[in-house]
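Taking it in order: structure first as structure tokens, then the write-up.
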Protein chains: 2
Amino acid sequence: MGASSNAFYAQSGGVTAVINASACGVLETARQHPAKIGKVFAGRDGIIGALTEDLIDTSAESDAAIAALRHTPSGAFGSCRYKLKGLKENKAQYERLIDVFRAHDIRYFFYNGGGDSADTCHKVSQLSDHMGFPIQAIHIPKTVDNDLPITDTCPGFGSVAKYIAISTREASYDVRSMSRTSTKVFVIEVMGRHAGWIAAAGGLASDANNDIPVVILFPEVEFNQERFLARVKANVEKYDYCSVVVSEGARWPDGKFLAEQGTRDAFGHAQLGGAAPVVANMIKDALGYKYHWAVADYLQRSARHIASKTDVEQAYALGKAAVEMAVAGENAIMPTIVRTSDEPYTWEIGKAALDEVANVEKKMPVEFISEDGYGITDSCRRYLSPLISGEDYPPYENGLPVYVTLKNKAVEKKLKTKFKI
Amino acid sequence: MGASSNAFYAQSGGVTAVINASACGVLETARQHPAKIGKVFAGRDGIIGALTEDLIDTSAESDAAIAALRHTPSGAFGSCRYKLKGLKENKAQYERLIDVFRAHDIRYFFYNGGGDSADTCHKVSQLSDHMGFPIQAIHIPKTVDNDLPITDTCPGFGSVAKYIAISTREASYDVRSMSRTSTKVFVIEVMGRHAGWIAAAGGLASDANNDIPVVILFPEVEFNQERFLARVKANVEKYDYCSVVVSEGARWPDGKFLAEQGTRDAFGHAQLGGAAPVVANMIKDALGYKYHWAVADYLQRSARHIASKTDVEQAYALGKAAVEMAVAGENAIMPTIVRTSDEPYTWEIGKAALDEVANVEKKMPVEFISEDGYGITDSCRRYLSPLISGEDYPPYENGLPVYVTLKNKAVEKKLKTKFKI
């Protein structure tokens, strides 16, 4: 080991509009600490890149390319859905990691992901204790699901929330214009299989200056068809239109997703066709209203063009903090966002022990959902509003955002063995 | 009739991100011609507002509110889908219009819409000749379908095209990151039942600096399942992922929409579930690739947050020109966009006679579609690229765009009779 060692950085799970901003924070900060950190090797496609010794030499990228990561959505090095087993169940995986880390003089491990990734990172952080290999593992939070514990929010969520709030407002203005002779109900389906964080953001479309009837279908609230239809009907009678935000995780009382509601294709195969068309057809059948529906899907999490400035800044700051914590000798932790005030909104970086983060899912507080189950409360607004605050536009050329695609130059392999994923 | 007469303005058909920018152009320009134009009365919900004497007094709106229309999506006065019958078939409609116009001293008629609306406007323009009522009718083009003749483009289209190009690029970056262990195909469904103008815009996602495999399914090209699947497979084998842009107007050889492909709900009812899930499931069944799909629907046409600056400027300029032409004594015309150069892009305002516009649909040129039927040609890029050029961000507050909702104060009714719609 020389005066400095190398670092490993990888992206994991579903990507977001701002995970590359965290990568930018890691890489720019690492370049400021040459005495401690040599090169940063990125894993191609997450931890798979480490296991297969498929490393990317980020030192081959220009400062300008690294800086452009801040405004580029998606995962610049590729991501993966791959969870390490426990040390006991699959020791070979950990031995392989140690072989790769040793071969490339890697002593810092930065993993950028959600709950499963925090678990992986936690396991890597134990290599030092359990297998005698000196490594510092720091987890960098990222997830549009906003379900990591301890941190006030997770990078990626604020930008999705902003996109859904804006889109719901814009489409509501549209349907309001059309309702006299045409569409009366607009349904938008949003992500969040387990929790209604993203669906809640649709509620921000309506405020003191925008009296928009928005009905939200949360995963946390058992779907009651009769009550729901009555609510939509009441809105249409009052406003002549209604917007519905349905979470992909909305469920029937028997636990089935609305999206599973018996839709079959021409061959009789069950199709998961989305909750939005199911809800829209239900309204049409029962109430006769003309509808339109949208499924935002990847558009919502990749919409860097309208990312939240707060979110971008926090994503960057967490990447930066991860490196600074590593340089200060920390291991087995995750930098967090600590909210110090709602209004004016202020925040600072804190930290959490990985054993308190891994496998803990943060639920949306019940007091964020209005009593009738279809809206958000003031406390929810106070929580969400600062997270979507500010715009951080990417540069444009010919009408399109200029996003960077890195060279992703492979590091020469040093091991003779292959590892099967 | 005093020194000045009043004007009528209404919005018709599907609204867009920029139709209010045309309204802004009309209203601001009319306020500059008090010697000719007294008040501008807007029709509540399009022509229906004229027929039912449901007029809005725009003079009750502040200059600031009118100015804010420029950055507010949707139709501020409400729109309608309502086509006037011919003079012979329903003379009562025209007599009613004349009654209303006379009662409110309306001598200028501005109608802001697409092909059907141009036909309505054309009929109104004939009231002078056929029924002896002096009125000048000017049509202001608007349609995301981009299918009006003579004008180089239609306000509303450029912003949808920009939204689809950006969204396709962003989601493609996303799926590219995920393809190693997860999603390999992303399908986005776009508007355009009769023509592939909007679908073509998805092709702009890929360019010299963004080598993205995009397969476009145009309404103009008969769907060939085998060839399509082979194309997706080839892309995934080369790039490890593929993006598909499917027009809602894509059809099977027998003329059926892909979206109609036999999907049935739990009760056996046929469901129009969207073309995107049909295409996505087809890929999964035949090739086994994991997919994601999105249906942009109203989000694409209401996305004022990422409107094309060119589009906003042209929408405003056409509203302004309509008033100037009216003041100059014109009747039965539509101001148009005349492209004077591709690069650098330059344009000016022209005009077209309404009898050459009404009921004529502009098709997308076949030479805009690549030979294999799945992409766009260079001539298509040259046409589209300037239309999505430039950004024109609305103001924001608390992370959300500040859109205006007008007071829409009703004009006191003067007629004693009602008119049934």
Evaluation of B:Glu324 against (1) in contact with a Lys or Arg (Cβ under 9 Å, 6 or more places away or on another chain); (2) farther than 30 Å from B:Gly203 by Cα (one fails), failing number: (1)
Residues located in the range B:130-155, provided they are surrounded by 18 or more Cβ atoms within 10 Å (Cβ to Cβ) and not in a loop (DSSP other than H, G, I, E, B): B:Gln136, B:Ala137, B:Ile138, B:His139, B:Ile140, B:Pro141
Every pair of residues 6+ apart whose Cβ atoms lie under 6 Å, when the first sits in the range B:187-206 and is within 11 Å of chain A (Cβ to nearest Cβ) while the second is of a type in the set (Lys, Arg): B:Ala205/B:Arg169
Top-ranked residue of the range A:289-298 - restricted to ones that are in contact with an Asp or Glu (Cβ under 7 Å, 6 or more places away or on another chain), in contact (Cβ under 8 Å) with a residue 24 or more places away in the chain and not small (Gly, Ala, Ser), ranked as surrounded by the most Cβ atoms within 10 Å (Cβ to Cβ): A:Val295
Any hit, the range A:47-65, residues being aliphatic (A, V, I, L, M), assigned to a loop (DSSP other than H, G, I, E, B) and away from every other protein chain (no Cβ under 12 Å): no
Filtered residues of the range A:200-234 (kept if more than 17 Å from A:Asp285 (Cα to Cα) and in a helix (DSSP H, G or I)): A:Ala200, A:Ala201, A:Gly202, A:Gly203, A:Leu204, A:Ala205
Close pairs from the range A:385-412: first more than 9 Å from every other protein chain (Cβ to nearest Cβ) and within 30 Å of A:Glu53 (Cβ to Cβ), partner assigned to a strand (DSSP E or B) and of a type in the set (D, E, K, R), Cβ under 6 Å, at least 6 apart: A:Lys409/A:Asp57; A:Val411/A:Asp57
Qualifying positions in the range A:276-325 - within 7 Å of chain B (Cβ to nearest Cβ) and in contact with a Pro (Cβ under 6 Å, 6 or more places away or on another chain): A:Trp293, A:Ser302, A:Arg304, A:His305
Of residues in the range B:235-258 being without any contact (Cβ under 8 Å) to a residue 60 or more places away in the chain and part of a helix (DSSP H, G or I), the one nearest to B:Glu189 (Cα to Cα): B:Leu258
Extreme residue, farthest from A:His305 (Cα to Cα), among residues of the range A:162-177 that are out of contact with any strand residue (DSSP E or B) (no Cβ under 7 Å at 6 or more places or on another chain) and touching a residue at least 60 places away in the same chain (Cβ under 8 Å): A:Arg176
Residue that is farthest from B:Tyr316 (Cα to Cα) [pool: residues in the range B:126-179 that are aromatic (Phe, Trp, Tyr) and within 14 Å of chain A (Cβ to nearest Cβ)]: B:Tyr173
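All of the numbers you see were taken from the coordinates with simple rules; none came from a lab. In this text the structure is predicted, and so the values were computed from the model without any measurement. Because the Cβ atoms are built from the backbone with ideal geometry, glycine has one as well, and the counts that use them run over all protein chains shown.
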